[in-house]
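Enquirer: My questions will all concern the structure given below.
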């Protein structure tokens, strides 16, 4: 793993940055009450059409460039009723934890509903549901809870068709998962009975009620560990940390201008932030290239590429105007190239993971790791983190991987299938027989992702 050339210099930089950050946060937090979340981006792109023209509060969004953690920006955006800013941050930040992200999306669904923005409310519930289905990191207890809340939220929007997708998934988890405690299993089924009645589905309501009275006798097992290595943060060079500190300071001045003037920025401050972002990009591009060339371990390469993706995702957000203000015109002009670079990094990341899987000595672990990797790729695409992801290819490979698990490990976790409604395809938990009956679901050796 990489080490800094000047340990004490880095400590000094970090200490100074923390002090500056605290002063900045205290100075700005009180202003957001009077800042409208009404400035719209015109170039923002996403896998979801409804995210076009998403309303963003630039004064709040730019604080992330000023060193505020994206999780804190999201929390503040929700607190100050800026759901558009929160959603824009989520779809541009691949480092967010699945559990917290799903919970935030459920809150955003409620916020958008209160603003009568039903399209983005429905999208928020849909993205939370995608996390619950695809993320390998969640427990089945948490999955069932997310499905219940997403289904209930969509029912409140009078969207019975989409509500049923998530209610049905909660039912499958409650009746087929080996990892739920009996009392919780029964509670889920009882809640489903009530929500199914709200969407006028008496047959499903009756089925849930019957199952709650005689819940399936499934052993409460401990959930198995994941097969792929967890992401570890990498130490950055002193030059990169200095570039980050310069960008934080420049962004803090821009955010302060936006708040105090109601949307105006002094040209010299905007120019300083542009220069800082360009300098940081140059420093990080060189750093990541050198780091990858020097790293010998596959897991180390994964960590480096993941860090590179975090930076490129932020760069792509700038290029799309995703902070609600033009910051680096050069990146906006070359947004397609920025996106292409981000896609290439994701492809490189998943190739490294594939090499890790090939080196696993146990065939059963290989099967589980392959399915895990495919789910992670699809989830990154669904959330808008992985642009131009090969959706159809990944879908076929996941069905084949699931079919392989049905053959070799019938007692493992729930399988992922696909359901298309109108022009939208949803990832859903399905029974083993449904997997085998889907195109591409015949039992066969799994293709390498």
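Enquirer: In what order do 323, 112 fall by count of nearby beta-carbon atoms within 10 Å, going from fewest to most?
Expert: The order, fewest Cβ neighbours first, is 112, 323.
Enquirer: Quick check of the Kirkwood formula: for region 79-231, what is the inverse mean of 1/r over all pairs of different Cα atoms, in Å? Can you show the working numbers first?
Expert: Numbers: mean 1/r = 0.0622 Å⁻¹.
In region 79-231 this quantity evaluates to 16.1 Å.
Enquirer: How large is the translational diffusion coefficient of region 251-328 in µm² per second when you combine the Kirkwood radius over alpha carbon pairs with Stokes-Einstein at 37 °C and 0.692 mPa s? All intermediate terms of the calculation are to be shown ahead of the outcome.
Expert: On the way: Rh = 14.2 Å.
Calculated translational D: 232 µm²/s.
Enquirer: On to the next question. Counting other C-beta atoms within 10 Å, which of 310, 371 has the fewest, and how do the rest follow?
Expert: Working: 310 18, 371 26.
Fewest-to-most ranking of 310, 371: 310, 371.
Enquirer: Can you give the convex hull volume of the alpha carbon atoms of region 155-289 per residue, in Å³?
Expert: Working: hull volume 29.6 nm³, N = 135.
Hull volume over Cα atoms, normalised by residue count, gives 219 Å³.
Enquirer: Moving on to the next point. How many angstrom separate the Cα center of region 263-309 from the Cα center of region 80-152?
Expert: Answer, in whole Å: 29.
Enquirer: In addition: Report the semi-axes of the equivalent ellipsoid for region 70-118 in whole Å, largest first, where each axis is √(5λ) for an eigenvalue λ of the Cα gyration tensor. All intermediate terms of the calculation are to be shown ahead of the outcome.
Expert: On the way: eigenvalues 60, 24, 16 Å².
One finds semi-axes of 17, 11, 9 Å for region 70-118.
Enquirer: Another one. Thinking of region 180-235 as a set of Cα atoms, what percent of all their pairs are more than 16 Å apart? All intermediate terms of the calculation are to be shown ahead of the outcome.
Expert: Working: 876 of 1540 pairs.
In whole percent, the share of Cα-Cα pairs in region 180-235 beyond 16 Å is 57.
Enquirer: So for 306, 162, fewest C-beta neighbours within 10 Å to most, what's the order?
Expert: Numbers: 306 19, 162 22.
Going from sparsest to densest Cβ surroundings: 306, 162.
Since every read-out is calculated from the coordinates, none of them should be taken as a lab result. All figures in this text were calculated on a predicted structure; none of them were measured in a lab. Cβ sites come from the backbone with ideal geometry, for glycine too, and all protein chains shown count toward neighbours.
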